[in-house]
Structure formats: structure tokens, C-alpha cells
Amino acid sequence: MGLFKIAVLPGDGIGVEVTREAVKVLQHVGKKYGHTFELKEGLIGGIAIDATGDPLPEATVELCKAADAVMLGAVGGPQWDNLGTGTRPEVGLLGIRKALRLYANLRPAIVYKSLKDASPLAPRIIEGGLDILVVRELTGGMYFGKKGRYIDETLGECAYDTEVYSVSEVKRIAKIGFDSAMKRGKRLVSVDKANVLESSRLWRSVVLEVAKDYPEVEVSHMYVDNAAMQLVKNPGYFDVILTSNIFGDILSDEASIITGSIGMLPSASLGDGGVGLYEPVHGSAPDIAGQNIANPLATILSVAMMFRYSFGLPNEADSIENAVNKTLEAGYRTPDIFVEGCKKVSTVEMTNKVIELLNY
């Protein structure tokens, strides 16, 4: 039993709907296992811009810092597309990750047996299901290195983005990767571009050093272009993928699409024992917002990750994941994963079925 403080940031578009449904599951699990939650909502993204002129108000930052975990919906929408780069909704997401010092992004990509027909991959490739965890470094690399533009006398206007990693940055994300592998299949593939990039050569050398502390983990190294090919050719080869910010951004999106629907995928952003942030991989999907047809399962599964990583309650996490699996096996589908012969349901109906099956 315990009391947990959770900052809830619904954000924009379908973020509001799926977060509301995930909170219902959270509360039900709390009643079942004897936990109490103190929930406080904050503004982030476009709705925060409309209310305060800032995609990440200071009040939201303070709310999150005081919490045990953060539940986030989604940010963005066409009505904010023409704003300057410093005030776009997405700045709020990057800002909260930085404010909470979250440097590790964990993204599971699971092909449920009941959804294998939704995957774009051939059935023979994903026979028996698929379960990959991408561990992505979140605060270093090209996205945060020096960048700018200049005029070259011969070439004209040029732009540059710098990839920078330190030993300490690689070491801390590598440890999370290896720790994750120890809890799974004890296999880790470190993805880099060490044949070309000096930052990748540093990355590989540090990973090899950290690997000495995890003799039970089978470690291999793969260039990012080959990894991208193997994800669609032989995805069962992977258990844990450890990689940099930019490579992880690309590969985790690729891994997500082979599952059949981005609406199924949760994520966790973690730091050194502080507040974790949990959010679905999908965006705000403004084209379907307010229609009660969004898939809530990615957000519900993000709640499971919250129980597992922030609260240290694996039984509660397992109960949510099992209920989601049972719901899918029973044939319940929101429009994004619907196939003939299944039961097409709304956002609310899907959540209600998950809650019903949590009791078994």
C-alpha cells in the first residue's frame, strides 16, 4: 500500500481523452491493491500557449518536480504550427524532459499475437509475437550539440549540427540498457555508426567497458543502417536495442510501425532515481480528437510502466498488461486496429473492458 503523487499533463488533441481513460485504470488498480493517488493537472503544449503564452509554464515544472511520476498525453496541433520555434507546443515536451533531467527513453515495441495481422510484416517473420525494447539516449547527441548557419564563399549558405557525447553520458545510458536486458532475455544490441563517426567510436568503446560488469548479457554491435534493415527482415533477433538520441528516434519509430499501430505503444523517460515521465508514443491526432475513437491502450500501458519503473510495483504493472492482452484476445478493437470479425469499440468502451478484465 502507498500514497503516490502524480502530475497529470493531458496536453492537446486526443491526449485529453486517452489520459482521462488511463486515469480510470490507474484508480481501479489503486482500489484493487490498496494504493492512493494524489492527482494534480498541469498545462503543457498548445493549451498552455493559449492560456499563458508559454508551452511549459513554470507552474507545470514545479508541479512535476514535486510529483513521484508524470503522466503525459500528447502535444501539438495545426493551430499552433505557424508559431516561432521557441514557442511551439513541442518545446514544452523537450523542456519538461530537460527540467526533470530525463536522459533515458524506454520504448517497448510489442506485436501481440492477436494483432499480428495488423503488422505490415509477413506473418512468417513475426510468427509467435515480437517483443523489443529500444533504450534511447535522450539529452545528448546531435539534437543538443552546437548548431548554426554560415556563409561559405564557394558554397553559399551552409548549416551544421554537431554530434557530441561524453563518456559519462554513454556510460549512464548503457547501464540502463544492460539493467533492462538483465530483466528480459539478456541480449543487447548496441547500435552506432562507428565505421564513420568518431562519436560512435566513443559510444562503442564505452559500451564494451560497461559490458564487463554484465557477463550474463550477450552483447553485439550493429551499424544503424543494418539495424534498420534487420528490424524488418529479422526483428526477432533483437531483445534490447541500445542507441543514441538521433538513431533511437528513427529506430524506435520504425520498431513501432512493425507492431501494426502506433496507438498501442507506451514509453517511459527516466533519470537517476528522480521523477519518471510516462506517455504514449502517438501524437495528438487532432483529426480524430473529441470523437471518442482514439486508442487508449498506449496510455494505459504507459501507466503499467509507471507502476513498474517509478513505483516498483511489478505485480500491478503485470495486471494491467495482462488485462490489455485479454481485451485484445477477446476481439475488442478501436478503429486503428480494427479488422473484420472483431468488435469495434470506442475509447471509453475499450477502457471499460480493460477495467473489467483487471478483476480476473
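The values are calculated or read from the model by the stated rules, or taken from the named source; none is laboratory data. In this text the structure is predicted, and so the values were computed from the model without any measurement. Cβ coordinates were reconstructed from backbone atoms using ideal geometry, including for glycine residues, and neighbour counts include every protein chain displayed.
Odds and ends about this structure:
- Every pair of residues 6+ apart whose Cβ atoms lie under 8 Å, when the first sits in the stretch 201-218 and is assigned by TED's automatic domain parsing to the domain that holds I176 and farther than 19 Å from K183 by Cβ while the second is at pLDDT 95 or above and among the hydroxyl-bearing types (S, T, Y): L202/Y165; W203/Y165; W203/S190; W203/S244; R204/S190
A quick yes/no check of all residues on (1) closer than 25 Å to P57 by Cβ; (2) buried (at least 21 other Cβ atoms within 10 Å of the Cβ):
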position: T87; (1), (2): yes, no
position: R97; (1), (2): yes, no
position: A104; (1), (2): no, yes
position: R107; (1), (2): no, yes
position: S119; (1), (2): no, no
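- Residue within the stretch 132-145 that is touching a helix residue (DSSP H, G or I) at 6+ places or on another chain (Cβ under 7 Å), assigned to a loop (DSSP other than H, G, I, E, B) and at positive phi present: no
- Test: G312 is of a type outside the set (A, V, I, L, M) and assigned to a loop (DSSP other than H, G, I, E, B): yes
- Residue in the stretch 287-294 that is touching a helix residue (DSSP H, G or I) at 6+ places or on another chain (Cβ under 7 Å), on the phi < 0 side of the Ramachandran plot, in a helix (DSSP H, G or I) and surrounded by fewer than 22 Cβ atoms within 10 Å (Cβ to Cβ) present: no
- Single residue of the stretch 198-214 satisfying the filter (touching a helix residue (DSSP H, G or I) at 6+ places or on another chain (Cβ under 9 Å) and among the hydrophobic types (A, V, I, L, M, F, W, C)) that is nearest to K186 (Cα to Cα): A211
- Test: I246 is in contact (Cβ under 8 Å) with a residue 12 or more places away in the chain, closer than 28 Å to D161 by Cβ and outside any strand (DSSP E or B): yes
- All told, E38 falls short of being in contact with a Ser or Thr (Cβ under 9 Å, 6 or more places away or on another chain) and either under 24 Å from I262 (Cβ atoms) or at pLDDT 95 or above (or both).
- Put simply, of A304, A317, A268, A323 the only residue that is in a strand (DSSP E or B) and in contact (Cβ under 8 Å) with a residue 12 or more places away in the chain is A268.
- Residue match in the stretch 64-76 (condition: surrounded by fewer than 17 Cβ atoms within 10 Å (Cβ to Cβ), without any contact (Cβ under 8 Å) to a residue 60 or more places away in the chain, assigned by TED's automatic domain parsing to the domain that holds S319 and at negative phi): no
- Qualifying residue in the stretch 314-327 (condition: over 18 Å from L357 (Cβ atoms), buried (at least 17 other Cβ atoms within 10 Å of the Cβ) and of a type in the set (V, I, T)): no
- When L357, L277, L265 are checked against the criterion of being at pLDDT 95 or above, surrounded by 20 or more Cβ atoms within 10 Å (Cβ to Cβ) and of a type outside the set (D, E, K, R), L277 stands alone in meeting it.
- Among (1) closer than 29 Å to G276 by Cα; (2) part of a loop (DSSP other than H, G, I, E, B), the one test that V196 misses: (1)
- Selected residue [more than 24 Å from P108 (Cβ to Cβ) and either part of a strand (DSSP E or B) or not hydroxyl-bearing (S, T, Y) (or both)] from R184, R149: R149
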